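Notes to accompany the following structure.
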Amino acid sequence: MIMKDILKITAALLIVTNTINAQTGKQLSVWKTAKKDKGIIIQYRWVNIGDTLKTREIRSLFTIKATHDEIINNLNDHSRLTKWNSGIKICKVFGKTEKEWITYTMYNIPRPLKQQDLVTRYSVTEADGKVTIDMKSVPEYVKHIKGVQRQDNYKGKWHLYPTRYGKTLVEFSSVSFSKPMLPRFIQDPILQHMFVKSFAKLRELSEKHTGIPLAKQ
């Protein structure tokens, strides 16, 4: 029971932790693979942000037998988001168009820890067949809820690369400024499990709606 609660807390805090687009950091080390499971690769590398701050960047790589449009449908539909994204309690989507939308998310953080929410603007661009989805927090777009901590400095990025046989290579990366909630040797396996679980479900949902048989892993 204790480990289950730690998993829920850590999964939720990972998603709402302050992040910054990895491209603003200076690479200090090469990518090292930490986990491979269900066709999903989890990697880390060290980067410098500014002149003094050193932190780890994490990224996930996996393929989905679906178009980028179907994958995006799982990022901008509140009912689908709650099916694949671990730790979500409430999710709402506002102002959705093909190229932009805003998502409000409250995370399922066990009490007595302080509840947290996030308001994020998603912007979609496409160049040379590659789709990029930038995420940036817009904390004042939705009225604050008493007793719930609003995350106000979030940035992230998805890359969707078309490949052969109708598949899309998905890359998600982020850099965290938050100190580890637990020692890394305890926390990292928990976070990696959460990533694999969430992205495997995202792949399953995306392939389910294409009418193409699900990929075998």
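Quick note: the coordinates plus some simple rules give every number you see, no bench work behind them. Nothing here was measured: the structure is a model prediction, and the numbers come from that model. Here the Cβ is made from the backbone with ideal geometry for all residues, glycine too, and neighbour counts use every protein chain on show.
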Worksheet item: For the stretch 111-197, which chymotrypsin sites (Phe, Trp or Tyr not before Pro) are in a loop by DSSP, counting at most 12 other Cβ atoms within 10 Å?
Response: Phe177
Fill in: Hz values of 3J(HN,Hα) by residue in the stretch 87-93 - Karplus curve (6.51, -1.76, 1.60), Gly and Pro given as x
x, 7, 9, 9, 9, 9, 10
Worksheet item: Can you list the HN-Hα couplings for the stretch 192-197, worked out from phi with the Karplus curve (6.51, -1.76, 1.60; θ = phi - 60°), rounded to whole Hz and with x for Gly and Pro?
Response: 4, 4, 5, 4, 4, 4
Practice prompt. Tell me which residues come under 5 Å, amide H to amide H, from Gln115 once H is placed; ignore anything under 5 positions away on its chain.
Written response: Gln149
Fill in: Violating pairs (Cα-Cα greater than 26 angstrom) within the set Lys143/Lys201; Lys89/Lys201; Lys54/Lys155; Lys32/Lys96; Lys54/Lys96
Lys143/Lys201; Lys32/Lys96; Lys54/Lys96
Discussion item. Just to confirm the filter: which GluC sites (Glu not before Pro) across the stretch 97-165 are DSSP coil and have at most 11 other Cβ within 10 angstrom of their Cβ?
Written reply: Glu98, Glu140
Worksheet, complete the sentence: Exposure-ranked with fewest Cβ neighbours within 10 Å first, Val93, Val30, Val170, Val148 stand as Val30, Val148, Val93, Val170
Fill in: Given charges at Cβ of Lys, Arg, Asp, Glu: the stretch 65-215 dipole, positive-most of Gly129, Val148, Trp158
Val148
